[in-house]
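A quick write-up on the structure given underneath.
The values are calculated or read from the model by the stated rules, or taken from the named source; none is laboratory data. In this text, all values refer to a predicted model and were calculated from it rather than measured experimentally. Because the Cβ atoms are built from the backbone with ideal geometry, glycine has one as well, and the counts that use them run over all protein chains shown.
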Amino acid sequence: MMVSKALTFFCFMVLINLANAQDQKGFISIDCGLQPESSSYTETSTGIKYVSDSSYTDTGASGFVSPENRENMMQSMWSVRSFPEGDRNCYTIGVNESTKYLIRAAFMYGNYDSRNEIPEFDLHLGPNKWDTVKLESPSQTVAKEMIHHASTDALQVCLVDTGNGTPFISALELRELPNASYVTQSESIQLLQRLDYGSSTNQTVRFPDDDFDRIWFPSTPNGSKRLSSSSTSLSRNRNGDFRLPQVVMSTAIVPESESGSLSFGWTPDDPSMEFYFYMYFTELQEPSSGSQERREFTVSLNGRTISRNLSSAGLTGDIASDISLLSELQVLNLANNQLSGPIPSVLMERNGMSFSINGNPSICLDSACEEKSKKKKLPGFVIPLVASLAGVILIAAISAAILFTFMRRQKQDQNSSTVFSWEDRLGIAVDVAQGMSQVVTALKESLAVEVERKKHLPVVSTDSVEELALGFGSNPPPRLR
């Protein structure tokens, strides 16, 4: 599977600002095996408050990793809770019903049992398998993360013995998310990777820079170069359902050459897996004052266009229904143009598509357009027709003026006993006929131009930090290594 991004793929940097002590409402941070029971502390590197796991499970035993494995590790990784007895041991955590949560479980063996035997075991969410936990060395840390919509007021995270050593866990974290974020057709999605492109510090980003404590890993692929910006306007990304970290959105990568592209790919273990991409873009190189420059680029998935950005592109007229021919389109941004008429129903009915149309004051839904048309709106061809008729009326007025002048002259001449010859009368008739001929020709040209305009599809150009997730519902998720 390959993702190709031409021109620019906007992403990010890293900086931890300990001065901003942010609200941890909706956070549940559990240090598994922490002693004494019911104790708590604040992690110095993040400001996150961790509590003992004694009120979430009543099985297992506490242990501490060896001193040499604690170096440069967060305090939450110093202790573990292991489960030498029973095939299945669970944590039960109270949550808000009908609420979306980020759930993250962290593991570091650290030779806590002095056996130097690294175990392998399964991780479950309720009755469903989440993933398999495998570690390559005692000092390696592994985190399993998913986003899950809680349908009840309690969640169970369970460790299952598969006969390959004693299961254990180091930390368990839950972060409440807006229900409008990470919308999928699955009840749960499992994180594959969350990348901060363009970071120059080679450090991860998390809380307090990220309001939801998502962890962003730095990445600068071969064939790319970094961009950065110190603009305070990037704070606008902190609004909305995703609340993107400013330090992440302040750096980016672009191809090393202007005509180049950026490509990202991987091979899934199971071709039937369903993947979700969450890409975020921002402009770091603002055009000079008065410049008409704007950035356009294509995002394609396996050679298919999936995103089109036409915001502020000067588009006018109706949205042609032929745009539905882009069957793989997932994102369409038509904001801040001068589009008019109805939104094609094929766009409104496409499931899972992100569609932006704000900033087009003359656009409307099909039903609203019909109602508006009945009340006060002229048919679609009337506006250009009126413009053309302005010239037509002028031609007719000139013809009428000629006729009126001749008639007036005729009347005046009649008073003076002067009679028009047949040649004069014929000339008047010819003038009038020519004028009406021009009226008919202008009317036909106006209608022809309007019909051609309605057939024309607005030019659709192709259009972040990147998040990639694997979706699964009520059935056990496929294993993803």
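The requirement of being modelled with pLDDT of 95 or more, in contact with a Ser or Thr (Cβ under 9 Å, 6 or more places away or on another chain) and of a type in the set (Phe, Trp, Tyr) is fulfilled nowhere in the range 10-19; no residue meets it.
The combined condition, being buried (at least 17 other Cβ atoms within 10 Å of the Cβ) and more than 20 Å from the chain's Cα centre (by Cα), is fulfilled by Pro342. Which one is nearest to the chain's Cα centre (by Cα) among residues in the range 44-54 that are part of a loop (DSSP other than H, G, I, E, B) and closer than 18 Å to Arg81 by Cβ? Within the range 44-54, the match that is nearest to the chain's Cα centre (by Cα) is Asp53. Here the condition is being acidic (Asp, Glu), over 30 Å from Val247 (Cβ atoms) and modelled with pLDDT of 95 or more; of Asp153, Asp210, it holds for Asp153 alone.
Residues in the range 168-199 that are closer than 17 Å to Arg104 by Cβ and outside any strand (DSSP E or B): Ser170, Ser181, Tyr182. Selection within the range 90-119: residues that are in a strand (DSSP E or B) and among the small types (Gly, Ala, Ser). The member of this set that is surrounded by the fewest Cβ atoms within 10 Å (Cβ to Cβ) is Gly94. How many residues does the range 134-167 contain that are at positive phi and either outside the structural domain of Phe64 (by TED's automatic domain parsing) or part of a strand (DSSP E or B) (or both)? Residues meeting the conditions: 1. Being touching a Cys at 6+ places or on another chain (Cβ under 9 Å) and either basic (Lys, Arg) or not assigned by TED's automatic domain parsing to the domain that holds Leu159 (or both) holds for only one residue in Arg70, Arg88, and it is Arg88. When the test is whether a residue is polar (S, T, N, Q) and either part of a loop (DSSP other than H, G, I, E, B) or within 30 Å of Trp266 (Cβ to Cβ) (or both), Ser324 does not pass it. Among residues of the range 323-339 being surrounded by fewer than 15 Cβ atoms within 10 Å (Cβ to Cβ) and under 15 Å from Thr305 (Cα atoms), the one that is nearest to the chain's Cα centre (by Cα) is Glu328.
Six or more apart or on different chains, Cβ under 8 Å: which pairs go from a residue in the range 340-366 that's within 21 Å of Ala313 (Cα to Cα) to one that's surrounded by 15 or more Cβ atoms within 10 Å (Cβ to Cβ) and among the charged types (D, E, K, R)? Could you list them? Once the first residue is within 21 Å of Ala313 (Cα to Cα) and sits in the range 340-366, its partners that are surrounded by 15 or more Cβ atoms within 10 Å (Cβ to Cβ) and among the charged types (D, E, K, R) give Ser340/Asp318; Gly341/Asp318; Pro342/Asp318.
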